[in-house]
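Take a look at the structure below.
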Amino acid sequence: MENSGSCLVAQGTTISGDLKVAENTRMDGRITGNLSCGKKLVLGTHARVEGNVEAAEGVVMGEILGNIRIQGTLQLAATARIEGDISADVLVVEIGAQCDGRCVVRGKSGSSRAGS
């Protein structure tokens, strides 16, 4: 992720309300509200989102209490914890990642496969 045109929400930062960012975003803080990112979103290990998440691409190492919808590839690190539904074109899951919800992986062709 390049520094120019990027947004960083540092650890220790708390946001109450929705956040919409057009650029690449690194979230290490906490947000109570929906989070929308126009490009790549990286949620660090200390990040916590209580709301729905949307982004073009995503890497989750932290916690989401809400649904997540990614237009492209979503990577769930071993430390990821999601309580909500997942929707992505491509899903990459490391051993140890946790998800409690419905999962829809559309695949690169746009077809849909659901699992739980």
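Read the figures in this text as sums done on the coordinates, not as results from a lab. For clarity, every value in this text was computed on a predicted model and none was experimentally measured. Because the Cβ atoms are built from the backbone with ideal geometry, glycine has one as well, and the counts that use them run over all protein chains shown.
What is the gain in length, in nm to one decimal, between Ile15 and Glu50 on full extension, counting 0.36 nm per residue of separation less the C-alpha to C-alpha distance?
Numbers: separation 35, 0.36 × 35 = 12.60 nm, distance 1.03 nm.
This chain segment gains 11.6 nm when fully extended.
What lysines does Lys20 reach when the alpha-carbon gap must be under 24 Å and sequence neighbours fewer than 8 apart in one chain are set aside?
By straight Cα distance, Lys20 reaches Lys39, Lys40.
So how far, in whole Å, is the C-alpha centre of the stretch 1-80 from the one of the stretch 89-108?
16
So what are the radius of gyration and Dmax for the Cα set of the chain, in Å?
Here Rg and the maximum Cα pair distance are 13.1, 40 Å.
Name the long-range amide H neighbours of Cys99: under 5 Å, sequence gap of 5 or more, or other chain; modelled H, no Pro or chain starts.
Under 5 Å from the amide H of Cys99 lie the amide H atoms of Ile82, each far enough along the sequence or on another chain.
If exposed means no more than 12 neighbouring beta carbons inside 10 Å and the site is in a DSSP loop, what's the longest run of the chain without any exposed GluC sites (Glu not before Pro)? Please report the intermediate quantities before stating the final value.
Working: sites that count: Glu2, Glu94.
By the stated rule (loop sites, at most 12 other Cβ atoms within 10 Å), 3-93.
Nearest 20 debye, what's the magnitude of the dipole of the stretch 1-73 about its Cα centre given +1 on Lys and Arg Cβ and -1 on Asp and Glu Cβ?
Values: 7 positive and 8 negative charges, 3 e Å.
Charge dipole of the stretch 1-73: 20 debye, to the nearest 20.
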